[in-house]
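Beneath this line is the structure, given in structure tokens, with notes to follow.
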Amino acid sequence: MAEIENDVAGDREYRVAELASAAGITTRTLRFYRERKLLPPPRREGRIAWYGQAHLARLRVIAELLERGHTLGGIAELIGAGESGRDVAELIGLEAAIISPWSDETPVSVSWDELGTAFGDQLTEANTAESLAQGYITVTEDGITHVSRRLMDATTALIAEGIPLAAVLDASRKAQEYADAVAEVFVGLIRDQLLGALTGEEPLPPGEAAHLTEQLTRIRPLARTVADAQFGLALDRRVHAEYDEALRRRR
């Protein structure tokens, strides 16, 4: 009998070649993972080793971790953590919640002709170098790619209102510094109040990684809300202060 299927439990079992095929790897790689103790022992029936759905799921986790840049040594540590009470899939989900992009900006490509039309003689080497230094653009033979369509549109709109590109870039650099400071405040809050257990020596309790992932999923949009509200209130304060000062000087 080539394979055993348990229809009641829905748990198919595989021989070595079948498991490797289902996981999209070679039998040599599968045996290497076994030697590195990345897979739990199979069920043995005489000289035949049978692998189940848990083994296939483990191989898929290993493949995902490799794609994320983890080494086999690091994967072994993660799997060891999972076997001591922390679920590997939950840890992967927590990692994704932490490091996946918090912004939803869409890049935009602009040709040199389009840039020339938008910026005219302000499209200088100095302004291009400043944009590169701020990390907003990459330059190609055909033009540039800006990391944010919204920022690019705002820049061209400000230029159209008569504000020099150099002044816009100067304001952009300062705004970026302040934005980084605000982000550090919020990241510190999350690090100290929610993720402190990740830096400890004790393993996370079972289910804690999934709980933290759910918390981060709920908190992510709050960071944008807080930043937007604070910026709007700060604009109100500064505009009123500037207006009052202008009136005082006129008097």
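The values are calculated or read from the model by the stated rules, or taken from the named source; none is laboratory data. As the structure is a prediction and not an experimental result, all values here were calculated from the model. All Cβ positions, even for glycine, are placed from backbone atoms using ideal geometry, and neighbour counts span all protein chains on display. Heavy atoms of the whole protein, side chains included, go into the accessibility calculation; ligands, DNA and RNA do not. Shrake-Rupley method; radii C 1.70, N 1.55, O 1.52, S 1.80 Å.
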*Considering each of Ser103, Ser131 in turn, give the residue that is among the small types (Gly, Ala, Ser) and within 18 Å of the chain's Cα centre (by Cα).*
Ser103
*asked:* Between Arg237, Arg220, which is out of contact with any helix residue (DSSP H, G or I) (no Cβ under 9 Å at 6 or more places or on another chain), part of a helix (DSSP H, G or I) and either under 17 Å from Gly93 (Cα atoms) or modelled with pLDDT of 90 or more (or both)?
replied: Arg237
*Counting only residues that are modelled with pLDDT of 90 or more and over 23 Å from Val61 (Cα atoms), how many does segment 1-43 have?*
0
*Which of (1) open to solvent by less than 50 Å² (accessible area, probe 1.4 Å); (2) at pLDDT below 80; (3) more than 30 Å from Leu195 (Cα to Cα) is the odd one out, the single condition Gly85 does not satisfy?*
(3)
*Take segment 39-50 and flag every residue that is open to solvent by less than 70 Å² (accessible area, probe 1.4 Å), in contact with a strand residue (DSSP E or B) (Cβ under 8 Å, 6 or more places away or on another chain) and farther than 19 Å from Ala76 by Cβ.*
Ala49, Trp50
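One line per residue, one yes/no per condition, for (1) of a type in the set (Ser, Thr, Tyr); (2) open to solvent by 50 Å² or more (accessible area, probe 1.4 Å):
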position	(1), (2)
Val110	no, no
Gly120	no, no
Glu125	no, yes
Thr128	yes, no
Tyr136	yes, no
Ser148	yes, no
Leu151	no, yes
Leu158	no, yes
Ile163	no, yes
_Qualifying position, being assigned to a helix (DSSP H, G or I) and open to solvent by 50 Å² or more (accessible area, probe 1.4 Å), among Ile92, Ile98_ = Ile98
*Under the condition of being modelled with pLDDT of 90 or more and either of a type in the set (Ser, Thr, Tyr) or under 20 Å from Ile79 (Cα atoms) (or both), which residue from segment 170-216 is least open to solvent (accessible area, probe 1.4 Å)?*
Ser172
